[in-house]
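Written out below as structure tokens is the structure these notes cover.
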Amino acid sequence: MNIHTAFSAGRLTLYLSGELDHHEARSAAGLIDQLLDEYLPRDCAVDMSGLNFMDSSGIAVIIRISRRLKDMGGRVWIENPAGQPRRVLDASGIDRLVPVAISR
Amino acid sequence: MNAQNYIKLDFPSQSCNEAFARTAAAAFAAQLDPTLEEIGDIKTAVSEAVTNCIVHAYPKEIGRISMRLRILPDGQLEISVRDWGCGIENVEQAMKPLFTTGGEERGGMGFTIMDSFMDRLRVRSAPGKGTTVVMVRALRQRRKRI
Ligand SMILES: Nc1ncnc2c1ncn2[C@@H]1O[C@H](COP(=O)(O)OP(=O)(O)O)[C@@H](O)[C@H]1O
Ligand SMILES: [Mg+2]
């Protein structure tokens, strides 16, 4: 699991790549907490185009980001999920809590 | 000839084995010529079942997990994941969406995802004795083998 970032005009984009399972979730959540503290973004986009695998542990990470952004008065959404992660997002019903933007 | 094929894997409940278990399951399923989407579904369900053993069945110790994959006579794939951990008091309640005893780090969506990605899901559990999750998935036959 890798996380790359881009920041501009108050918007932090988190580019997730690799596999986000329970084994990876704790360090990913810790790193994301650090990034949110560092950038204090107004908006946060989670780009999943590079993510090859995700399960419900990844859903829990997204819910955690959404709680933090809500506390900070900001918004969070998911961008470009594909393949397996997209099917997991669909099955979880996360879009009721965090908007999912599908390109194409 | 496929009808009798099976594998059995025993491993300790270390989280680094989550990726290994789902990759092994996908490799076994490959002989059924699954689509990419079917491979993803199998990996997801295995990841959920194995993670539950690691997180819930053995919260404070490293215990044994046994995964068996089997091709049923009708060509369906059966996946069984077993632990000898704490067991589940109320299985019906545990399987409800959003139910979790895991707090902040869990979302309570594991069984819901297993259920929606597999054709059949059965959970047997006894408190103090352990849990067995059995899942069955029919794979579309894409092309006839020669
Ligand atoms: N193998 C297991 N051993 C003991 N308890 C389990 C096991 N699998 C699931 N559970 C119980 O069922 C609940 C729901 O599981 P699940 O739907 O995967 O959600 P989550 O893992 O996010 O809690 C767990 O919180 C736990 O209480
Ligand atoms: Mg779970």
- [ ] Being more than 8 Å from ligand 1 (Cβ to nearest atom) and not in a loop (DSSP other than H, G, I, E, B) is the filter; apply it to the stretch B:94-104 and report the residue that is nearest to the other protein chains (Cβ to nearest Cβ).
- [x] B:GLU104
TODO: For B:LYS96, work out the one condition from (1) surrounded by fewer than 18 Cβ atoms within 10 Å (Cβ to Cβ); (2) basic (Lys, Arg); (3) closer than 25 Å to B:LEU139 by Cβ it doesn't fulfil.
DONE: (3)
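For the condition touching a residue at least 12 places away in the same chain (Cβ under 8 Å), surrounded by fewer than 17 Cβ atoms within 10 Å (Cβ to Cβ) and either away from chain A (no Cβ under 14 Å) or within 16 Å of ligand 1 (Cβ to nearest atom) (or both), what is the one hit in B:SER13, B:SER80, B:SER66?
On the way: B:SER13 fails: surrounded by fewer than 17 Cβ atoms within 10 Å (Cβ to Cβ); B:SER80 fails: surrounded by fewer than 17 Cβ atoms within 10 Å (Cβ to Cβ).
Step by step, each of B:SER13, B:SER80, B:SER66 is checked, and only B:SER66 is touching a residue at least 12 places away in the same chain (Cβ under 8 Å), surrounded by fewer than 17 Cβ atoms within 10 Å (Cβ to Cβ) and either away from chain A (no Cβ under 14 Å) or within 16 Å of ligand 1 (Cβ to nearest atom) (or both).
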Open item on the list: Take the conditions in a strand (DSSP E or B), surrounded by 14 or more Cβ atoms within 10 Å (Cβ to Cβ) and in contact (Cβ under 8 Å) with a residue 12 or more places away in the chain and apply them to B:MET114. Does it pass?
Closed with: no
TODO: Take the stretch A:57-77 and flag every residue that is among the hydroxyl-bearing types (Ser, Thr, Tyr) and within 11 Å of chain B (Cβ to nearest Cβ).
DONE: A:SER57
- [ ] Taking the options A:GLY10, A:GLY30, A:GLY18, name whichever one is within 14 Å of chain B (Cβ to nearest Cβ) and exposed (fewer than 13 other Cβ atoms within 10 Å of the Cβ).
- [x] A:GLY30
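In the stretch A:48-85, which residues are aliphatic (A, V, I, L, M), under 27 Å from B:ILE54 (Cα atoms) and in contact with a strand residue (DSSP E or B) (Cβ under 8 Å, 6 or more places away or on another chain)?
Taking the stretch A:48-85 as the starting set, the residues that turn out to be aliphatic (A, V, I, L, M) are A:48, A:51, A:54, A:59-63, A:65, A:69, A:72, A:76, A:78, A:82.
If we keep only those that are under 27 Å from B:ILE54 (Cα atoms) too, we end up with A:48, A:51, A:54, A:59-63, A:65.
Passing the criteria: A:MET48, A:LEU51, A:MET54, A:VAL61, A:ILE62, A:ILE65.
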TODO: Mind listing whichever residues of the stretch A:78-99 are surrounded by fewer than 17 Cβ atoms within 10 Å (Cβ to Cβ) and either more than 14 Å from every other protein chain (Cβ to nearest Cβ) or touching a residue at least 60 places away in the same chain (Cβ under 8 Å) (or both)?
DONE: A:PRO99
Open item on the list: Against the definition (away from chain A (no Cβ under 13 Å), β-branched (Val, Ile, Thr) and crowded, with 16+ Cβ neighbours inside 10 Å), how does B:VAL133 come out, yes or no?
Closed with: yes
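Throughout, read-outs are computed from the coordinates displayed, never taken from laboratory work. Because the structure is predicted, anything quoted here is derived from the model rather than measured. Cβ: placed from backbone, ideal geometry, glycine included. Neighbour counts: every protein chain shown.
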